[in-house]
Amino acid sequence: MTHDRAHLVRRLLDLSPLILLAVLLVVFAILDPRVISGQSLINIVSQATPIAVLALGAMIVLITAGIDLSTGVGVAFCAVLMASLKAAGVPLGLALLAGLVAMTAIGALNGAVIAYLKIPPFVTTLAAMVALQGATLAVASSGVLILREPVLQFIGVTRTLGLPNIIFLTALIVVGAAFLLRRTRFGLRTYALGSDAAASELAGIPIARHTVLVYTASGVFVFLCALVMVARVPIVTPNLGGTTLLLDAIAAAVLGGTSIFGGRGTVWGTIVGALIVSLLTTALRIFGTDPSSLELYKGAIIMVALLADSGMTLAKTRLARAA
């Protein structure tokens, strides 16, 4: 294979999330124009915001070849905790701070167990997920909580230039995540750890400490996702987020080009992946798909994405050998 052809194939593989999104838009426009109407597109972007925020945290963990299964339930726990504190008379700022501290601590604890006790991420975060489910039910003793605050309504409901402000907040989070991964030592070490942990250790990177930082960052994105969700919908229940949101976030990250084998993932790709998940969900609902079947389709989407990820990894390996 010539150098130019190999470069072209590599570029197409890198742009595959964007190509997939464009293809889906064209297909859905043909099947039912309602899917891509102006208001529908705004709704798709708005509904993608919590998925995108949680997917960014999932992407950071996946880049290190890890996984955090506790994030979906963590969103519910964080939202219920903040709403419960607010209902008890705690000022909104302190309630939000408590949510941030709690999720940061939980993320750090997950990272410490994985890094220092050498317990696999899957087992560690699965145990954390179960524990958080119980904690969420314990905190939300009243069942349903209402978190109506002018500040949150301004963020989640009010529009600027015809777009919900939640989109602008998410854009700021995206810019922050991009800066974190591309312009800081944390980002460079994260990619290095996922690419080759042994070489990273020889290069002087503190593997254990950085693993703790990675899962701590995941906790921060859980808090940000909970903030986005309660800003959009003030009704907080123990069922907020959960497994559905976790699946959406992982699907978005993998569809966006993040490798489950570590070492690869981009912020822009993850955002495109979140838009794809939101577009598919919206389209299936417009087509009249049974709500109980949505999870089946999402599971199939994740499986296809994993197969595609394996294929892309193999293709890039062959290109590298041929170069």
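The values are calculated or read from the model by the stated rules, or taken from the named source; none is laboratory data. Keep in mind that this is a model prediction, so the values were computed, not measured. Don't worry about glycine lacking a Cβ; one is built from the backbone with ideal geometry, like all the others, and counts go over all protein chains shown.
Of all residues in region 170-184, those that are in contact (Cβ under 8 Å) with a residue 60 or more places away in the chain and closer than 14 Å to Phe221 by Cα have Cβ atoms under 8 Å from Cβ atoms of residues that are among the aromatic types (Phe, Trp, Tyr) and loosely packed, with under 14 Cβ neighbours inside 10 Å, 6 or more apart or on another chain, in Ala178/Trp268. From the list Gly257, Gly273, the one residue that fits, being surrounded by 21 or more Cβ atoms within 10 Å (Cβ to Cβ) and closer than 17 Å to Ala171 by Cβ, is Gly273.
Within region 119-148, the set of residues being among the hydroxyl-bearing types (Ser, Thr, Tyr) and over 16 Å from Val73 (Cα atoms) comprises Ser141, Ser142. Ala65 meets the conditions (1) touching a Pro at 6+ places or on another chain (Cβ under 8 Å); (2) within 25 Å of Leu193 (Cα to Cα); (3) not hydroxyl-bearing (Ser, Thr, Tyr) in every case but one. The failed one is (1). Is it the case that some residue within region 281-300 is of a type in the set (Lys, Arg), surrounded by fewer than 19 Cβ atoms within 10 Å (Cβ to Cβ), part of a helix (DSSP H, G or I) and free of Cβ contacts under 8 Å to residues at least 60 places away in the same chain? Checked against the condition, which is being of a type in the set (Lys, Arg), surrounded by fewer than 19 Cβ atoms within 10 Å (Cβ to Cβ), part of a helix (DSSP H, G or I) and free of Cβ contacts under 8 Å to residues at least 60 places away in the same chain, region 281-300 yields at least one hit. Using the structure shown, decide if Thr136 is over 18 Å from Met82 (Cβ atoms), crowded, with 19+ Cβ neighbours inside 10 Å and not aromatic (Phe, Trp, Tyr). For Thr136, the condition - over 18 Å from Met82 (Cβ atoms), crowded, with 19+ Cβ neighbours inside 10 Å and not aromatic (Phe, Trp, Tyr) - is not met.
In region 33-47, the residues that are assigned to a helix (DSSP H, G or I) reach residues that are at pLDDT below 90 and among the charged types (D, E, K, R) with C-beta atoms within less than 9 angstrom, at least six apart or across chains, in these pairs: Ser40/Arg34; Ser46/Arg232; Gln47/Arg232.
Give region 199-229 a look and list any residue that's of a type in the set (Gly, Ala, Ser), over 14 Å from Gly187 (Cβ atoms) and either touching a Lys or Arg at 6+ places or on another chain (Cβ under 8 Å) or free of Cβ contacts under 8 Å to residues at least 24 places away in the same chain (or both), or say none. Ala199, Ala203, Gly204 - these are the residues of region 199-229 that are of a type in the set (Gly, Ala, Ser), over 14 Å from Gly187 (Cβ atoms) and either touching a Lys or Arg at 6+ places or on another chain (Cβ under 8 Å) or free of Cβ contacts under 8 Å to residues at least 24 places away in the same chain (or both). Note on region 221-254: residues that are buried (at least 24 other Cβ atoms within 10 Å of the Cβ) and part of a loop (DSSP other than H, G, I, E, B) amount to 2. Entry remark, region 209-238: residues being at pLDDT below 95 and more than 18 Å from the chain's Cα centre (by Cα) number 6 in total.
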